[in-house]
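Presented below is the structure to which this report refers.
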Amino acid sequence: MRWKSNKLKELRDQYIGMLSSLYGEDESKQLVHILTEHLFGVTPVRIALKPEKRLSESEILQFHQAVKELLKHKPIQHITGHTTFLDLKLAVNESVLIPRPETEELVQLIVEREKNNSVRLIDIGTGSGCIALAFKKHTPEAQVTAADISAEALKIAGQNAQKQHLEIDLIRIDVLHPDSYAALPVYDVVVSNPPYVTQSDKKLMQKNVLDYEPATALFVENENPLVFYVAILEFSRIHLANGGRIYFEINEQKGPDLVHLLEKHHYMEIALHLDMHGKERFLEAVKK
Ligand SMILES: C[S@@+](CC[C@H](N)C(=O)[O-])C[C@H]1O[C@@H](n2cnc3c(N)ncnc32)[C@H](O)[C@@H]1O
């Protein structure tokens, strides 16, 4: 990669051009704007107002290195080290799933339903802590527990809780093994966005997800795609109060199967909700 100028505006335009073949022009502009803000604290407006602003040699190298990583499909959130989830700035790294916009919708649904109750909520498979923390922020009276099998994920969730001054409990469990959670109490709400991508759907996924995001957060076997939902219902048999609510994010193709599963477990008021793309993405139900 060669650069002809040390002017920020010209370098920015050069990098947008280079990234466009991979990301398209609009996304490339957005990515480069995020980088210039992250690396140099300069917004697009400031670049427009100060087109003569120059970068030092080491700043150019930093910029160059970040663009090289984007060209290798590295997610921008791993370059900046954070993402935004609703109104929270959360640290992320390769140990956690980068929270998706659909999951923000799930949290909005839960907050809407539970905001007037001082509930005890557990988020199973918390990753960065996004669901647990955003819920706690909007429902301060709630007692929130964030659980995950991954110690690295719990570390990030803990750092995020501390940074946001949000008090939640963090626990390590393997929801597929009841012995690991037998000592936990009863909750009023169970929520989970568990791994739900089948091995066959993996083929359709982008390189940035496959190369950089943790497989334990994403994939299930084709033969047992609902394994986590079944396990969470087993958890809820003992650890969800009667009349308590369960909320799931789901694979868009599994809505009817999961409704059937909840019926089989005698759940009531089962509702499937669409995400912003019109896909069946969320389920809620009440335990009898
Ligand atoms: C799809 S990610 C969701 C992360 C986060 N809640 C979000 O919505 O962005 C699933 C999470 O489940 C965790 N997980 C995978 N297997 C698990 C298990 N057996 N027990 C508990 N958590 C598990 C993963 O470590 C990962 O953090």
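Span-like helix criteria (full DSSP H runs; alpha carbon extent of at least 15 Å along the helix axis; mean Kyte-Doolittle hydropathy of at least 1.0) are satisfied in the chain by 227-239. Once the GluC sites (Glu not before Pro) in DSSP loops with at most 11 neighbouring Cβ atoms within 10 Å are cut out of the chain, the longest remaining piece is 53-140. With contacts taken as Cα pairs under 8 Å at a separation of at least 6 residues, region 110-156 carries a relative contact order of 45 percent. Please give the FRET efficiency for Ser118 paired with Leu274, using the beta carbon to beta carbon distance and R0 = 25 Å, rounded to the nearest 0.05. In this case the efficiency is close to 0.25. Would you compute, from DSSP H runs of 4+ residues alone, the mean residue ellipticity of the chain at 222 nm, taking -39500 (n - 2.57) per run and dividing by the full residue count, rounded to the nearest 500? Rounded to the nearest 500, it is -13500 deg cm²/dmol.
Note on Lys279: lysines with a C-alpha under 21 Å away, same-chain residues under 8 apart excluded, are Lys202, Lys203, Lys254. Averaging 1/r over every pair of different alpha carbons in region 1-128 and inverting the result gives a Kirkwood radius of 16.8 Å. Amide H contacts for Arg281 (H built 1.01 Å from N in the peptide plane; partners 5 or more residues away or on another chain; cut-off under 5 Å): His273, Leu274, Asp275. Computed from the Cβ-Cβ distance with R0 of 30 Å, the FRET efficiency linking Ala182 to Arg100 stands at 0.45. Please compute the contact order of the chain in relative form: average sequence separation of alpha-carbon pairs under 8 Å and at least six residues apart, divided by the residue count, as a percent. Result for the chain is 13 percent. Distance between the pseudo-spin-label points of Ile171 and Ala48 (7 Å out from Cα toward the beta carbon): 5.2 nm.
Given charges of +1 on the Cβ of Lys and Arg and -1 on the Cβ of Asp and Glu, with all other atoms neutral, how large is the dipole of the chain about its Cα centre, in debye to the nearest 20?
On the way: 34 positive and 40 negative charges, 207 e Å.
My answer is approximately 1000 debye.
Extension gain for Thr216 to Asp87 (0.36 nm times residue separation, less C-alpha to C-alpha distance): 43.8 nm. Excluding same-chain neighbours fewer than eight residues apart, the lysines reachable from Lys72 by a Cα-Cα span under 16 Å are Lys207.
Read-outs: derived from the displayed coordinates by stated rules, not from any lab. Not measured: the values here are computed from a predicted model. Note that each Cβ is placed from the backbone with ideal geometry, even for glycine, and that neighbours are counted across all protein chains shown.
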